[in-house]
Amino acid sequence: MIQAIIKPEVEFTGKELRGAPVQTLVRKMKNLEGVFVDQNAWKLSNPEQVLYTVESYCPVAGGTEGGLFFGITHINSGDLSGEFFMTKGHIHEKPNRGEYYWGIRGDGLLVLKPMEGDPWVEKVFPGSLHYIPGYTAHRLINTGKEILDVGACWPADAGHEYGQILKDGFGIRVFQGSEGPRVRFE
Ligand code: PAN
Ligand code: ZN
């Protein structure tokens, strides 16, 4: 007998991913060397503090042309010397590969920095949808008091390249201000 209807191996509850193939990556303070402007404060911080986790579902091998990966990033609320918690940020190893992000919970910002050209910032909130074009580095920042959950879908052959943007910077940093987030251009 042909079994025509099968249960998918992963469930997206609306907030998180569940199922055997889901992988979870934990990024702690010690993994974010060079990310925050105050490197002295970073050295004195608790290296085991978790800043964000990434749940991902990669149904095909990395590098598969035409395949898609799906992930949810959960960024804790907090700051280091006033600079909000954020992701490391990267550009895709195959730089022409784009990506979708969408806001699920919390308040944040998405910083986008094209290889050639000036950076810009998009507001992230539940329901916000963000198209990240190719050749554009991207970083999420949690500017709220609660956790920031953001969904993502990207090509399986995109890859992640962290070194260049870490060296060059995004040109924008976001700090806790007296009247909300303060964006500083560098
Ligand atoms: C996302 C990011 C995730 C974590 O899945 O990888 O938000 O950010 P970093 O990789 O910069 O630490 C994505 O953009 N994938 O392509
Ligand atoms: Zn990406």
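Computed from the coordinates by the stated procedures, all read-outs in this text should not be read as laboratory data. Predicted, not measured: the structure shown is a model, and the values here were computed from it. A quick note on method: Cβ atoms are made from the backbone with ideal geometry, for glycine too, and the neighbour counts reach across all protein chains shown.
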Please compute the modelled spin-label separation between Glu93 and Asn31, points set 7 Å along Cα→Cβ, answer in nm with one decimal. 1.7 nm
If you look at just the Cα atoms of the chain, how large are its Rg and its Dmax in Å? 17.0, 66
Name the lysines eligible as straight-distance cross-link partners of Lys43: C-alpha to C-alpha under 23 Å, and not fewer than 8 places from it in the same chain. Lys28, Lys30, Lys88, Lys167
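Using the Cα centre of the chain as the reference point, and only Cβ charges (+1 on K/R, -1 on D/E), how large is the resulting charge dipole? Debye, rounded to the nearest 20.
Values: 19 positive and 23 negative charges, 51 e Å.
Approximately 240 debye in magnitude.
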Rounded to two decimals, the Debye log10 I(q)/I(0) of segment 30-102 (Cα scatterers, no solvent) at q = 0.21 Å⁻¹ is -1.01
Taking 95-102, 13-20 and ranking on average Cβ neighbours within 10 Å, highest first, one gets 95-102, 13-20
Top mean-square fluctuation among Gly67, Gly151, Gly78, Gaussian network model of the chain, C-alpha springs under 10 Å? Gly67
Could you name the aspartates and glutamates whose alpha carbon sits less than 17 Å from that of Lys113, not counting residues in the same chain fewer than 8 places away? Glu93, Glu99, Glu122, Glu161, Asp168, Glu186
Using a cut-off of under 20 Å, list every residue of segment 54-87 whose amide N is near the label point 7 Å from the Cα of Glu11 along the Cα-to-beta-carbon line. 55-59, 70-73
Place a point 7 Å from the Cα of Glu65 along the Cα-to-Cβ direction; which residues of segment 126-164 have their backbone N under 16 Å from it? 155-159
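I need the Kirkwood Rh of segment 1-69: take the reciprocal of the average 1/r across all distinct C-alpha pairs and report it in angstrom.
Values: mean 1/r = 0.0650 Å⁻¹.
Hydrodynamic radius (Kirkwood, Cα pairs) of segment 1-69 is 15.4 Å.
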Using the Cα centre of the chain as origin and beta-carbon charges of +1 (Lys, Arg) and -1 (Asp, Glu), tell me which of Asn40, Pro181, Pro126 is placed farthest towards the positive end of the dipole. Asn40
